[in-house]
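First up is the structure itself, then whatever we jot down about it.
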Amino acid sequence: MDEIYKIIEEKIKESGYTGPVNGYEIYNEICDFIDDKENGSFIFMSKKEDDVVYEYKVDIHDEDFNLSYVDIKASGQSYHIDFDA
């Protein structure tokens with residue numbers, strides 16, 4: 001699992017976002033959100049700090065999920081991280 005957390009962190013940093021990033025927390029937040037959800041595509045938002053908002057697009061399947069993208073809005077800047085690319 002540590003590899004997944006690291007990939008999340010690296011992809012976000014590659015986008016140019018310089019704020020704090022914790023792959024473990026992001027992964028667990030997604031897992032909490034998708035718990036008891038039916039299959040389908042969902043977008044949800046998470047406010048990290050006063051001026052930092054994460055928007056996740058997650059596709060839920062029977063046995064797993066796919067994090068399609070994360071958009072981060074912070075201090076008037078926007079960062080798009082495409083995990084399907």
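Size descriptors for the chain: radius of gyration and Dmax over Cα atoms are 12.5, 37 Å. Any lysines with Cα under 25 Å of the Lys73 Cα? List them, leaving off those in the same chain fewer than 8 positions away. Result set, ordered by chain and number: Lys6, Lys11, Lys13, Lys47, Lys48, Lys57. Other residues with beta-carbon under 13 Å from the beta-carbon of Ile4 carry, at +1 per Lys or Arg and -1 per Asp or Glu, a net charge of -4.
Normalising the average separation of contacting C-alpha pairs (under 8 angstrom, six or more residues apart) by the number of residues puts the relative contact order of the chain at 21 percent. Each helix, a run of at least 4 DSSP H residues, gives -39500 (n - 2.57); summed and divided by the residues of the chain, these come to -9000 deg cm²/dmol at 222 nm. Excluding ligands, DNA and RNA, the accessible surface per residue across segment 1-76 is 64 Å² with a 1.4 Å probe. The GNM of the chain, with springs linking C-alpha atoms under 10 angstrom apart, assigns the highest mean-square fluctuation among Lys47, Lys73, Lys11 to Lys47.
Dipole size of the chain about its Cα centre, with +1 on Lys/Arg Cβ and -1 on Asp/Glu Cβ: approximately 420 debye, rounded to the nearest 20. Applying a DSSP loop filter and a limit of 13 other Cβ atoms within 10 Å to the GluC sites (Glu not before Pro) in segment 1-79 leaves Glu38, Glu63. Give me the angle, in degrees from 0 to 90, between the Cα long axis of helix 23-34 and the longest principal axis of the Cα atoms of the chain, rounded to the nearest 10. So the helix axis and the longest Cα principal axis differ by about 40 degrees. What is the pair-distance distribution P(r) of segment 32-80, computed from all Cα-Cα distances in 5 Å bins starting at 0, with each bin given as a whole percent? Whole-percent P(r) values from 0 Å outward: 5, 20, 28, 19, 14, 9, 5, 1.
The values are calculated or read from the model by the stated rules, or taken from the named source; none is laboratory data. Note that this is a predicted model, so its numbers are computed, not measured. Neighbour counts are summed over all protein chains in view; Cβ atoms, including those assigned to glycine, are modelled from backbone coordinates with ideal geometry. These area figures cover heavy atoms from the full protein model, side chains too; ligands, DNA and RNA do not enter into them. Shrake-Rupley method; radii C 1.70, N 1.55, O 1.52, S 1.80 Å.
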